[in-house]
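K.L.:
Here you go, one structure.
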Amino acid sequence: MPEVILPPPLPVYSGPFQPGITDPVWPAKAPEGVDDAKYAALYAGQLERQRHLHVVTADVTSRTRAELAGLLRKLTGFARHQMEKLPPKDTQRPYDAPVVTRRVTVTVGFGATLFTTVAGDDRFGLAARRPASLKVMPQIAGSEFHPRDQATDLVILIASDDFYVNEYIFGRLYYGGVHPDIRARSVERGYARPDSREPSGFEDGITNPRGGPGPSSMHDFVYVGPEDGEPDWCLGGTYLAYRKVRRRMKRFFDLSPTAQEAVFGVEKKSGTRLEPHDAHSHAAKINPRRVNHLDLFGMDDLERRFLRRPYFFDDGLDAAGEEIRGLHHLSFARNLGVQYEWPVLMWQTNPDFPTKGAGMDALYGPGGAANIGGGYYFMPAAAADGDHLGSGLGL
């Protein structure tokens, strides 16, 4: 069977969920002319990220509910316009391959401080409608930053296949071209490798839930449903747990190849789990996969999975001449406590899991990783035509 070049999947702009979370994704069924087995193993239902990401955090200076509603209307319209507009043809040179789409997504999330300030003030009378699990990210072991200092009202994820498109969209936000009450606090820039391998060469997100029909569908792990006990306006939304993870590569590469694999608990080339593996390896700590095991809440380990959408960064050198490299760890889950905080706080950073004295995740010890930024946000469902994000709040 001849080899086929598949065009990358497109974002979903007309669905019930905000684009840029569980899409673009490869279809579950192989296209005609493609080897079914190879497609099923490497593509079917897999998340296919755009090449570039900007993580923009911002605060809101609006004083009233009406002003906040106006801001969200403007931001929603701006996001729609950037995603829907086609690349201009008059800027393309005559002998270059035509650009059909840049696969732009602009995804908006609300921070806890949009509902209640750090001091406890109910800014817009929305505290009672805050998503059930939304809060300022707690201090996590292995962190070199204080989440409370980085808590913001908004996060805006800009993704596309062209870096300069992201820069243009960020510029509109930064200079107040979208709405003067949006005050950008920070911007982080990341890139995606097509093979999803992180800076040390190990594949990231290998155990991600996949799209498609059936219980393994990533939608079952990501989006809030009626049974989740959330306010009605949260249906179809999801939580984002964002961590900027620095990888101290010199320390890691000073380890032998065998010791590097022991840190991750998998073979570097294949991603196959090492058996036996160290109890504090990254795989054992964050994805234990215990057989026939239910925890004290009656949950299987695989029920606590979440969707990872990693992007990588290279921020140059620090004052000591060491590289500032790592990944933007974007995690999406329908229940922040059950799917994200439990694996992180009860498994990954718990020194007595899976066995007493195991220590915390080896990636943060011998592996030299450290959290240097991040926060929690709630990404609402997509806005209906003529509506705006967050309208279910009564704005």
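K.L.:
Picking from Arg185, Arg123, which residue would you name as being free of Cβ contacts under 8 Å to residues at least 60 places away in the same chain and surrounded by 14 or more Cβ atoms within 10 Å (Cβ to Cβ)?
P.N.:
On the way: Arg185 fails: free of Cβ contacts under 8 Å to residues at least 60 places away in the same chain.
Every option except Arg123 fails the conditions.
K.L.:
On the given criteria, is Ala79 farther than 19 Å from Ile21 by Cα and small (Gly, Ala, Ser)? Before the answer, list the steps.
P.N.:
Working: farther than 19 Å from Ile21 by Cα: no; small (Gly, Ala, Ser): yes.
Criteria not met by Ala79.
K.L.:
Go through the stretch 272-301 residue by residue and tally those that are in a loop (DSSP other than H, G, I, E, B), aliphatic (A, V, I, L, M) and buried (at least 17 other Cβ atoms within 10 Å of the Cβ). Please lay out each step first, then the result.
P.N.:
Within the stretch 272-301, the subset in a loop (DSSP other than H, G, I, E, B) is 272, 274-281, 287-300.
Within this subset, residues satisfying the condition of being aliphatic (A, V, I, L, M) are 274, 279, 291, 294, 296, 299.
With buried (at least 17 other Cβ atoms within 10 Å of the Cβ) added as a condition, the list becomes 279.
Count: 1.
K.L.:
Please find, among Ala37, Ala128, Ala66, Ala44, the residue that is in a helix (DSSP H, G or I), at pLDDT below 95 and hydrophobic (A, V, I, L, M, F, W, C). Spell out how you get there, then give the answer.
P.N.:
Numbers: Ala128 fails: at pLDDT below 95; Ala66 fails: at pLDDT below 95; Ala44 fails: in a helix (DSSP H, G or I).
Residue meeting the stated conditions: Ala37.
K.L.:
Continuing with this model, one more query. When you go through Arg93, Arg80, Arg103, Arg130 one by one, which is the residue that is farther than 25 Å from Arg309 by Cα and basic (Lys, Arg)?
P.N.:
Values: Arg80 fails: farther than 25 Å from Arg309 by Cα; Arg103 fails: farther than 25 Å from Arg309 by Cα; Arg130 fails: farther than 25 Å from Arg309 by Cα.
Being farther than 25 Å from Arg309 by Cα and basic (Lys, Arg) holds for just one of Arg93, Arg80, Arg103, Arg130, which is Arg93.
K.L.:
Here are some residues: Thr105, Thr91, Thr101, Thr64. Which one is surrounded by fewer than 18 Cβ atoms within 10 Å (Cβ to Cβ), out of contact with any Lys or Arg (no Cβ under 7 Å at 6 or more places or on another chain) and within 30 Å of Thr207 (Cα to Cα)? It would help to see each step written out before you state the result.
P.N.:
On the way: Thr105 fails: surrounded by fewer than 18 Cβ atoms within 10 Å (Cβ to Cβ); Thr91 fails: within 30 Å of Thr207 (Cα to Cα); Thr64 fails: within 30 Å of Thr207 (Cα to Cα).
When all the criteria are applied, what remains is Thr101.
K.L.:
Identify, from the list Gly20, Gly33, the residue that is under 24 Å from the mean Cα position of the chain (by Cα) and on the phi > 0 side of the Ramachandran plot.
P.N.:
Values: Gly33 fails: under 24 Å from the mean Cα position of the chain (by Cα).
Going through Gly20, Gly33 in turn, the sole match is Gly20.
K.L.:
A follow-up question, please. How many residues are part of a helix (DSSP H, G or I) and either more than 24 Å from Gly386 (Cα to Cα) or in contact with a helix residue (DSSP H, G or I) (Cβ under 7 Å, 6 or more places away or on another chain) (or both) if we restrict to the stretch 79-110?
P.N.:
Keep residues of the stretch 79-110 that are part of a helix (DSSP H, G or I), which gives 79-84, 89-91.
Subset that is either more than 24 Å from Gly386 (Cα to Cα) or in contact with a helix residue (DSSP H, G or I) (Cβ under 7 Å, 6 or more places away or on another chain) (or both): 82, 89-91.
Number satisfying all stated conditions: 4.
K.L.:
I'd like to verify a number: residues in the stretch 1-34 that are part of a loop (DSSP other than H, G, I, E, B), among the aliphatic types (A, V, I, L, M) and touching a Gly at 6+ places or on another chain (Cβ under 8 Å), how many? Even if it seems obvious, please write down each step before you answer.
P.N.:
Filtering the stretch 1-34 down to residues part of a loop (DSSP other than H, G, I, E, B) leaves 1-24, 26-34.
Still in the running and among the aliphatic types (A, V, I, L, M): 1, 4-6, 10, 12, 21, 28, 30, 34.
Imposing the further condition that a residue be touching a Gly at 6+ places or on another chain (Cβ under 8 Å) reduces the set to 1, 4, 28.
So the answer is 3.
K.L.:
Still on this structure, please answer the following. Cβ-Cβ under 6 Å, sequence separation 6+ or interchain: first residue in the stretch 106-119 and of a type in the set (Phe, Trp, Tyr), partner part of a loop (DSSP other than H, G, I, E, B). Which pairs?
P.N.:
These pairs meet every condition: Phe115/Leu126; Phe115/Arg130.
K.L.:
If you check Pro180, Pro199, which single one turns out to be surrounded by fewer than 17 Cβ atoms within 10 Å (Cβ to Cβ) and either under 22 Å from Ile158 (Cα atoms) or within 19 Å of the chain's Cα centre (by Cα) (or both)? Step through it out loud before you land on a result.
P.N.:
Numbers: Pro199 fails: surrounded by fewer than 17 Cβ atoms within 10 Å (Cβ to Cβ).
It is Pro180.
The values are calculated or read from the model by the stated rules, or taken from the named source; none is laboratory data. Keep in mind it's a predicted model, so treat the numbers as computed, not measured. Don't worry about glycine lacking a Cβ; one is built from the backbone with ideal geometry, like all the others, and counts go over all protein chains shown.
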